[in-house]
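Before any comments, here is the structure.
The values are calculated or read from the model by the stated rules, or taken from the named source; none is laboratory data. Computed from a predicted model, the values in this text were never measured in an experiment. Cβ: placed from backbone, ideal geometry, glycine included. Neighbour counts: every protein chain shown.
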Amino acid sequence: MQGISQVKGLRDVRTTISTQVRACPRTKGSTYLEVYRLDKEKQRLEMVLLAMAKQQQRINRRLGEIREAVARLMDGQKEVAAAPRKRTARGHSEAKEAGPRWKKLTLGY
């Protein structure tokens, strides 16, 4: 049995309801009701488990996409760093850029 210092949250605390302790013996009708209630809880928990598995698949797929994007960007950086530098009209050296150049535009209101 866990001590109170080992309990992670309130859901881990065992109560008389969660341990199904009764003061009086159960009647036959309440047994069927308890079986029905437990079956419904089992179905709900299976649905939650299925949803969590789907969410884990989505997360793993997205992590794979992120890893591929980072690898592509790092390969692009290595190509830019390895590219020969050329001199501009002002005498500064700059690397060849693979992407489009950004221009500053003023907006009139």
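Scanning region 26-35 turns up at least one residue that is at pLDDT below 75 and either touching a Leu at 6+ places or on another chain (Cβ under 6 Å) or in a loop (DSSP other than H, G, I, E, B) (or both). Filter region 30-48 for residues that are among the β-branched types (Val, Ile, Thr) and either within 15 Å of Gln20 (Cα to Cα) or over 32 Å from the mean Cα position of the chain (by Cα) (or both) and give the result. Hits for region 30-48 are Thr31, Val35. Could we say that Glu79 is loosely packed, with under 10 Cβ neighbours inside 10 Å, out of contact with any His (no Cβ under 8 Å at 6 or more places or on another chain), modelled with pLDDT under 95 and among the acidic types (Asp, Glu) here? In short, no.
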